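Only one structure is covered here, and it is reproduced in the block below.
What follows is calculated from the coordinates using simple rules that are stated; it is not laboratory data. Remember, predicted model here, so these are calculated numbers, not experimental data. Neighbour counts run over all protein chains shown; Cβ positions are idealised from the backbone, glycine included.
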Amino acid sequence: MKASVIGTGRMGQGLVKILQGHVPNLRWGSRSKEKAEGLIRENGYTGVAAADIGEALDSDMIIHSLWFRDVLPWAEAHRDRLAGKILVDIVNPFTEDFSDFTTEWGESAAELLQAHLPQTKVVGAFKNTFFRVFDNPVLDGLKSDVYVTSDDAAAKASVLELLRGIPFRVLDGGALNNNRTIERMTLFERELAIRYGFYPNVSFRLFGLRDGI
Ligand SMILES: NC(=O)c1ccc[n+]([C@@H]2O[C@H](COP(=O)([O-])OP(=O)(O)OC[C@H]3O[C@@H](n4cnc5c(N)ncnc54)[C@H](OP(=O)(O)O)[C@@H]3O)[C@@H](O)[C@H]2O)c1
């Protein structure tokens, strides 16, 4: 399975940091292929190839890191290229000032993206992982949770398989509608982390699940 990360922002950089060396022949797509090339060079990544958006869309699994305000128009523009593929969605639909959500109760960004792309298999992941966590993903010997969600069982299994062995506790998070909760957890997490002085080095870990998952 060929995989791409799209976007060279904070989450794009964090995702590539974790996936390079783990996912063979990873592609890193950007509107600026030169920026991706520069980051690959600076970080000394091997086994990662810079790509323009068209090249990145050639992969079977595409992990995008666009903001919610950008992702639906982007998905529409690339609907045909995304058909039949797995699109991993990390979006949290917050307002610009992080004071609220831009989706209604009973909605999630992941479900809206899936509704826009009925031929694509949308899989939610990394929604609670703040970008800084990718620098030091293991804290006091503990990994944080990544909840992987989808309405397509085979696509979810492929993402769980791809992520197996990364320094996170990767869990089957059930159906896409669980993102109504998961996406909202991120804003709560952010508020607590700011209050107690740990933002943005914060993610979730569910107490009580036994290790070895
Ligand atoms: N920041 C976090 O800690 C965090 C945590 C969990 C989830 N998320 C989610 O992750 C997403 C990205 O967050 P971020 O903090 O990484 O944002 P960011 O630093 O602003 O990066 C967003 C990236 O999206 C790409 N992009 C923007 N507009 C685009 C467009 N119209 N077409 C194609 N690509 C476009 C850009 O990549 P290029 O310039 O390379 O094209 C940009 O670098 C958001 O949806 C956010 O909700 C963020």
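Using θ = phi - 60° and the Karplus form 6.51 cos²θ - 1.76 cosθ + 1.60, what ³J(HN,Hα) does each residue of region 134-145 get, whole Hz, x for Gly and Pro?
5, 5, 9, x, 9, 10, 6, x, 10, 8, 8, 8
Taking the Cβ-Cβ separation of Tyr199 and Arg79 as r and a Förster radius of 30 Å, what is the calculated FRET efficiency to the nearest 0.05? List each step's numbers first, then the result.
Numbers: r = 36 Å, r/R0 = 1.19.
The calculated FRET efficiency here is 0.25.
Starting from 0.36 nm per residue, how many nanometres of slack lie between Asp60 and Asn43 once their C-alpha separation is accounted for? Before the final figure, lay out each step's value.
Working: separation 17, 0.36 × 17 = 6.12 nm, distance 2.53 nm.
Between Asp60 and Asn43, full extension yields 3.6 nm more.
Using +1 at the Cβ of each Lys and Arg and -1 at the Cβ of each Asp and Glu in the chain, identify which of Pro24, Ala125, Gly106 lies farthest towards the dipole's positive end.
Result: Pro24.
Taking only Cα atoms of the chain, what ratio of Rg to Rh do you get with Rh as the Kirkwood inverse-distance radius? Could the numbers behind the result be given before it?
Working: Rg = 16.2 Å, Rh = 17.3 Å.
Answer for the chain: 0.94.
Name the residues whose placed amide hydrogens come within less than 5 Å of the amide hydrogen of His64, ignoring near sequence neighbours (fewer than 5 apart) on the same chain.
Residues meeting the amide H criterion: Ile6, Val88, Ile90.
Taking θ = phi - 60°, what integer Hz values does the Karplus form 6.51 cos²θ - 1.76 cosθ + 1.60 yield along region 195-200, in sequence order, with x for Gly and Pro?
Along region 195-200, the couplings run 4, 9, x, 10, 5, x Hz.
What FRET efficiency do you get for Glu191 and Glu161 if R0 is 30 Å and r is their Cβ-Cβ distance, rounded to the nearest 0.05? Provide the component values of the computation, followed by the final result.
Working: r = 34 Å, r/R0 = 1.13.
Using R0 = 30 Å, I get an efficiency of 0.30.
Give me, ordered by chain and number, the residues 5 or more places off Phe101 or on other chains with an amide H under 5 Å from its own placed amide H.
Residues meeting the amide H criterion: Thr95.
So which of Lys17/Lys143; Lys17/Lys85; Lys2/Lys127; Lys2/Lys156; Lys85/Lys156; Lys33/Lys127 end up more than 18 Å apart, counting from Cα to Cα?
Working: Lys17/Lys143 16 Å; Lys17/Lys85 23 Å; Lys2/Lys127 22 Å; Lys2/Lys156 15 Å; Lys85/Lys156 12 Å; Lys33/Lys127 25 Å.
In this structure, Lys17/Lys85; Lys2/Lys127; Lys33/Lys127 lie more than 18 Å apart at Cα.
Distance in nm between label sites at Arg31 and Met1, each 7 Å beyond Cα in the beta-carbon direction?
2.9 nm
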